[in-house]
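Please treat every number below as a calculation from the coordinates, not as lab data. Predicted, not measured: the structure shown is a model, and the values here were computed from it. Counting neighbours? That spans all protein chains shown, and the Cβs are built from the backbone with ideal geometry, glycine included.
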Amino acid sequence: GPETEDHFHLLGEVEVVFGFWAIVLIAALALLQGGGAALAYAESRNYTEPLFVFVVMVVAASRPILDAVDRTIGAIARRLPVAQPVALAWLGLSVVPLLGSLITEPAAMTLAALLLAPVAFRRAIPERAKYFTLGVLLVNVSIGGTLTA
């Protein structure tokens, strides 16, 4: 029903995934090795970098940032001599990943995926094209991070 769909949608949110799977891991450790071992493992980890990435991804996915990047990419796409959906897809796969040097690669990936969603991840697009787009996006974000370091 609708409640189940809401729960699955919630589990798909970037903000929830890290915490959810960390809880699953600690619970599994507690069941398999005891509560003391799970607690010792959780306390032995350094959470600074994951928390930084989490905060950057949440901020990048916020409405003001997303709207600003969307307006900028849309303005550039309107000036290109191709159909706007093609221009948006091309810019989303090429220019947005290069923002990784300014906003970190996870944030660039989040922005690019959110901008490409209405263009490349619609129901009418074949599944192979969606996977191809996702693969190109991952590679481009990695290349963007390497080039702009």
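Indicate the gyration tensor shape class of the range 76-149 (rounded, prolate or oblate), computed on the Cα atoms with a ≥ b ≥ c the square roots of the eigenvalues: a/c under 1.5 is rounded; otherwise a/b larger than b/c is prolate and the rest oblate. Taking the square roots of the gyration eigenvalues as a ≥ b ≥ c, the range 76-149 is oblate. Estimated translational diffusion coefficient (Stokes-Einstein, Kirkwood radius over Cα pairs, 10 °C, 1.306 mPa s) of the range 45-107: 123 µm² per second. In this simple spin-label approximation, V59 and F20 carry label points 7 Å from Cα along the Cα→Cβ vector, and these lie 2.5 nm apart.
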